[in-house]
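Engineer: Provided herewith is a single structure, encoded as structure tokens, for subsequent inquiry.
The values are calculated or read from the model by the stated rules, or taken from the named source; none is laboratory data. This is a predicted model, so every value here is computed, not measured. A quick note on method: Cβ atoms are made from the backbone with ideal geometry, for glycine too, and the neighbour counts reach across all protein chains shown. Heavy atoms of the whole protein, side chains included, go into the accessibility calculation; ligands, DNA and RNA do not. Shrake-Rupley method; radii C 1.70, N 1.55, O 1.52, S 1.80 Å.
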Amino acid sequence: MSTVDELVQAIENGEAARAGEKARAALDEGADPTGLVDTLSVAMRAVGDRFGTGEIFLPELMLAARAMQSAVDVVQPALLASNAASKKVGVMVLGTVRGDVHEIGKDIAITMLRASGFEVYDLGRDVDPLDFVKRAEELRADIIGASALMTTTMPAQKELVDILVAKGLREKYHVILGGAPVTAEWVAEAGADSWGEDAAKAAKTLEEVMAGKRAGAGE
Amino acid sequence: MSHLKMWEIMERAAAGPYCEDDEFLYDIFLPKMQEVLSKYEIRYDPSTPVPADDDLADRIWKAAVEFFLAVGVHNVDTHRRILITEDELNEALFLAPEVHQVGAGHETRWWRPRRIEDERGPFCIFSPDITYDEDIFLQASMAYTQEPLADGVCGPILEESIGRTIHSGTPAEMAGVMEHAMMLRNAAKLVGRPGLFLVAVGTAQSDTGQIAASSNEWGVRSTDGRLIGVLTEMKTDNELLNKVVHCKQFGCAIGCLTGAIYGGYAGGAEGTAVLEVAHHLVGLTVYQHNFNNSFPFHMQHTSNSGREMLWLVSMVHQALARNSRILSTSNGFFNAGPGTDMLFREVSAHAIASVVSGGDLWTSAPRHNKYRNYATPLEARLAAETGHAVARQGMSREQACGIVDTLLKKYEGEIATAPEGKPIQECYELMKVKPQGWYLDMYKAAREELAGLGVEYPY
Ligand code: B12
């Protein structure tokens, strides 16, 4: 088995320490850092798909995402040194809105998005709309994600968008809304940008959004 | 009821071992779960959705006890772990009452723990588990309170109060909470059951809302009950603990609301079963509950009527019934909507699996517990009647397993594409609080199908 195959296996098995070691070994053997990250992304996507079909469960997905992260941490400096564009897909803050303690959906979305290469900051649950905005500013995020599981807390998703408008920051962020009661209609009504119908679809949507942003910025 | 004093719990909630979220999950929860699953050799077998395996039940119990004592409960507000010692747990198990009294007047009920294959019928709480439009709230609640087999009722949830959208944590929530409490009590009075045990109020999302509804004069009485959730998974927060402290002092029954997620942090059927039993121990010690509402659910479908889910529902109740006097209502979560054959089959399979395993019933949440107005008392009636029938005839787990397997084969292929069914307004003539004729016929046909499979209804 080649070192890269072993690395992929370490990710699939969720072995963070081994993934880090194998990533280092692959680089030492002269692997191209950009190609390496691409291979890892493909492997991680496969793990994500297996989660989507119910073949594996959340712990396996989370451990794989962790292993992926430790490999990427090792490869990142080499990537930067080789002057290749950063593989960081986008920076995102994500939380469950004020008054709402439902968080498993948010946690899954975070895991899937991290697995797809996004740098995601977990704001937790019961988060004030203004705090989403403040944290996004501090962290220079590209995307704000808000989860609401109750019709009675969905209004806080709109409040978040309204605050962005009031502060003149609306154009700066892509706002994605999720949670079981959220619909495409509500996303439009709240003035947000996209609907995170489920975590896997959200990852796809946001990858496209970021690709669009990069193209727009002339990268 | 536990000897542990509330202030001891609160002290641990504020000053237990410091622990951040990630550490709790990765370093404590996940490894301990793996350890107990392999140590106690717990394995799911799809060929027996209702296992007759006492040893497996006891191993699940032991795994849950070991897991609970090692992991404790994480207070996400203080980042502290509430740890319970083995002696404290054993004391709480020893002190768990032989009987709990709920409801008042002619509706007083003495609620006793059931054993596996117990011939005493299940305690049945009827509940739509869902939100209804405000304008049908009273009539729809009466449709539930009038059900003869209802030992208690948990009413629908409001999203609006006096025509205005409720926003969580605002005065609108308070208004909605009071409206809910008043209307639900009226629904009990109007059907001639003023003392009925009401588990209320689901509209209350905040601790303030829950406390605002307590009133022996017009609201939730001390002879009623409420639900206090455990956060996913093995977590709590100060708001939830505030509710506990209030209820202990007010004197109403505490129902600990726990839904371990299949496919979530505990993994598959085995881990989810162990976790759900551990949740009951959280209820017993930390929330000092009178009963549990147990709704383990499948992460993709938000239901618990699939094969792996019935296996774990059955095993959770067997583990509890063999090793404790913890009262646990098994809360059905289903895929199909009301007015479909599939829903009638799902509720029956779930009721049979729960009742022969020693559980009580909380019934039920159709259509993935997601769509407003999509729940009716008729599917709950079938569940309760079927539960009473199988208890009364002394049905064995083996026979139950055969019937459940037959029912499963009729619907399990359609779980992902289950029919939506119809809202209560179409299934009932609501003003008259009466099921539509076609709907009653469908329910009767479902009962006949079950009778053909060996369920002996007493009437
Ligand atoms: C589990 C559960 C609980 C657990 C939550 C545990 C936890 N910490 O997470 C407990 C028991 C604690 C709980 C408590 C309550 N609950 Co609750 N709960 C549910 C239930 C059954 C399932 C939710 C769930 O976890 N689903 C599984 C996950 C995986 O799905 P998901 O969240 O939809 O997430 C997926 C997508 O939506 C998406 N996604 C989600 N968020 C985001 C965000 C972004 C940015 C993106 C991209 C994607 C994304 O990705 C996920 C994976 O694909 C729902 C019913 C339902 N069908 O949704 C009721 C429900 C949400 N609860 C409800 C209620 C009323 C309550 C309580 C108020 C009850 C009470 N009176 O105490 C309290 C809430 C207190 C509060 N202040 O929040 C109601 C809300 C009704 C309403 N007004 O709208 C519901 C709808 C049940 C019902 N039909 O009545 N609940």
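Engineer: Can you give me the long-range amide H partners of B:Glu429? Hydrogens built in the peptide plane at 1.01 Å from N, cutoff under 5 Å, separation of 5 or more residues or another chain.
Structural biologist: Counting only residues 5 or more places away or on other chains, the set is B:Lys434, B:Gln436.
Engineer: Continuing with this model, one more query. How large, in percent, is the carbon and sulfur part of the accessible surface of chain A at a probe radius of 1.4 Å? Spell out each step's value before the answer.
Structural biologist: Values: 5000 of 9670 Å².
Percent of accessible area from carbon and sulfur atoms in chain A: 52.
Engineer: Mind running the shape call on the range A:50-199? Use the C-alpha gyration tensor, a ≥ b ≥ c as the square roots of the eigenvalues: rounded below 1.5 for a/c, prolate if a/b tops b/c, oblate otherwise.
Structural biologist: On the way: a/c = 2.23, a/b = 1.34, b/c = 1.66.
Oblate.
Engineer: If you don't mind, there's one more thing I want to ask. Pull up the cross-link candidates among the lysines for B:Lys444, meaning alpha carbon to alpha carbon under 16 Å and not fewer than 8 places away within one chain.
Structural biologist: Result set, ordered by chain and number: B:Lys434.
Engineer: So, one more: Can you list the residues of the range A:88-118 with backbone N under 20 Å from a point 7 Å past the Cα of A:Thr34, pointing along Cα to Cβ?
Structural biologist: Residues A:88-90, A:117-118 fall inside that zone.
Engineer: Could you sort out which of A:Lys204/B:Lys62; A:Lys106/B:Lys432; A:Lys106/B:Lys409; B:Lys62/B:Lys235 sit more than 32 Å apart by Cα distance in this structure? Spell out each step's value before the answer.
Structural biologist: Details: A:Lys204/B:Lys62 43 Å; A:Lys106/B:Lys432 42 Å; A:Lys106/B:Lys409 34 Å; B:Lys62/B:Lys235 21 Å.
From A:Lys204/B:Lys62; A:Lys106/B:Lys432; A:Lys106/B:Lys409; B:Lys62/B:Lys235, over 32 Å: A:Lys204/B:Lys62; A:Lys106/B:Lys432; A:Lys106/B:Lys409.
Engineer: Another question, if that's okay. In debye, nearest 20: dipole of the protein assembly as shown around its Cα centre with unit charges on the Cβ of K, R (+) and D, E (-)? Mind dumping the intermediate values first?
Structural biologist: Values: 63 positive and 95 negative charges, 252 e Å.
The calculation lands at about 1220 debye.
Engineer: Putting +1 on Lys and Arg Cβ atoms and -1 on Asp and Glu Cβ atoms, find which of B:Cys252, B:Ala143, B:Tyr26 reaches farthest to the positive end of the dipole of chain B.
Structural biologist: So the residue furthest toward the plus end is B:Ala143.
Engineer: Any idea what Rg and Dmax come out to for chain B if you just take the C-alpha atoms, in Å?
Structural biologist: Expressed in Å, the Cα Rg and Dmax of chain B come to 20.6, 60.
Engineer: Related question: Each label point is 7 Å from the Cα along the Cα-to-Cβ direction; what then is the distance between the points at A:Glu189 and B:Tyr457, in nm?
Structural biologist: 4.1
Engineer: List the lysines whose Cα lies under 20 Å from the Cα of A:Lys22, skipping any in the same chain that are fewer than 8 positions away.
Structural biologist: A:Lys87
Engineer: What is the mean number of Cβ atoms from other protein chains located within 10 Å of the Cβ atom of each residue in peptide A:3-13, rounded to a whole number? Walk me through the intermediate numbers first.
Structural biologist: Values: counts 0, 0, 0, 0, 0, 0, 0, 0, 0, 0, 0.
Neighbouring Cβ atoms belonging to other protein chains average 0 per residue here.
Engineer: If you don't mind, there's one more thing I want to ask. Compute the accessible area of each residue in the range B:164-186 twice, once for its chain alone and once with every protein chain present, using a 1.4 Å probe on heavy atoms, and list those whose area falls by at least 30 Å².
Structural biologist: When all protein chains are present, B:His167, B:Ser168 each give up 30 Å² or more of accessible surface.
Engineer: Using only helices, what value at 222 nm comes out for chain B when you add -39,500 (n - 2.57) per DSSP H run of length 4 or more and divide by the total residues, to the nearest 500 deg cm²/dmol?
Structural biologist: Details: 15 runs with 198 residues, N = 459.
One gets -13500 deg cm²/dmol as the mean residue ellipticity at 222 nm.
Engineer: What does the charge dipole of the range A:22-108 about its Cα centre add up to, to the nearest 20 debye, if the Cβ of each Lys and Arg holds +1 and the Cβ of each Asp and Glu holds -1? Mind showing how you got there, number by number?
Structural biologist: On the way: 9 positive and 11 negative charges, 38 e Å.
For the range A:22-108, the charge dipole is close to 180 debye.
Engineer: I need the phi-derived Karplus couplings for the range B:359-367: 6.51 cos²θ - 1.76 cosθ + 1.60, θ = phi - 60°, integer Hz, Gly and Pro marked x.
Structural biologist: 3J(HN,Hα) across the range B:359-367, in whole Hz: x, 9, 10, 10, 9, 6, 10, x, 6.
Engineer: Would you kindly derive the ³J(HN,Hα) couplings of the range B:223-232 from the backbone phi angles with the Karplus curve 6.51 cos²θ - 1.76 cosθ + 1.60 (θ = phi - 60°), listing them in order in whole Hz, with x for Gly and Pro?
Structural biologist: 8, 9, x, 9, 10, 10, x, 9, 6, 6
Engineer: Additional query: When the Cα centres of the range B:245-294 and the range B:444-458 are compared, how far apart do they sit, in Å?
Structural biologist: For the range B:245-294 versus the range B:444-458, the Cα centre distance is 33 Å.
Engineer: A further question on this structure: Summed for both chains, how many Å² of accessible area, to the nearest 100, are buried between A and B with a 1.4 Å probe? Can you show the working numbers first?
Structural biologist: On the way: alone 10680 and 16490 Å², together 25190 Å².
Its buried surface, counting both partners, is about 2000 Å².
Engineer: Provide the per-residue ³J(HN,Hα) series for the range B:293-302, in order, calculated from phi with Karplus coefficients 6.51, -1.76, 1.60 and θ = phi - 60°, each as a whole number of Hz, with x at glycine and proline positions.
Structural biologist: 9, 10, 10, x, 9, 7, 4, 6, 10, 6
Engineer: Among B:Ala336, B:Met174, B:Leu37, which residue has its Cα positioned farthest towards the positive end of the charge dipole of the protein assembly as shown, with +1 placed on the Cβ of Lys and Arg, -1 on the Cβ of Asp and Glu, and the dipole taken about the Cα centre?
Structural biologist: It is B:Met174, whose Cα lies furthest towards the positive end.
Engineer: Pull out a ≥ b ≥ c, the square roots of the eigenvalues of the alpha-carbon gyration tensor of the range B:210-327, then state rounded if a/c is under 1.5, prolate if not and a/b is larger than b/c, and oblate in the remaining case.
Structural biologist: Numbers: a/c = 2.19, a/b = 1.93, b/c = 1.13.
Taking the square roots of the gyration eigenvalues as a ≥ b ≥ c, the range B:210-327 is prolate.
Engineer: Which of the three applies to the protein assembly as shown, rounded, prolate or oblate, going by the alpha-carbon gyration tensor with a ≥ b ≥ c and a/c under 1.5 meaning rounded? The partial results should precede the final answer.
Structural biologist: Numbers: a/c = 1.70, a/b = 1.46, b/c = 1.16.
Verdict is prolate for the protein assembly as shown.
Engineer: Accessible area per residue, 1.4 Å probe, Å², for the range B:100-453: what's the number? Provide the component values of the computation, followed by the final result.
Structural biologist: On the way: 10320 Å² over 354 residues.
Value returned for the range B:100-453: 29 Å² of accessible area per residue.
Engineer: Based only on Cα atoms, what Rg/Rh ratio does the range B:340-423 have, Rh being taken as Kirkwood's radius?
Structural biologist: On the way: Rg = 12.9 Å, Rh = 13.2 Å.
A ratio of 0.97.
Engineer: Estimate the FRET efficiency between A:Arg140 and B:Lys39 by the formula 1/(1 + (r/R0)^6), using the beta-carbon distance for r and 56 Å for R0, to the nearest 0.05.
Structural biologist: Values: r = 47 Å, r/R0 = 0.84.
According to the calculation, E is roughly 0.75.
Engineer: What does the highest-first list of B:151-157, A:99-105, B:436-442 look like by mean Cβ count within 10 Å?
Structural biologist: Packing proxy ranking, top to bottom: B:151-157, A:99-105, B:436-442.
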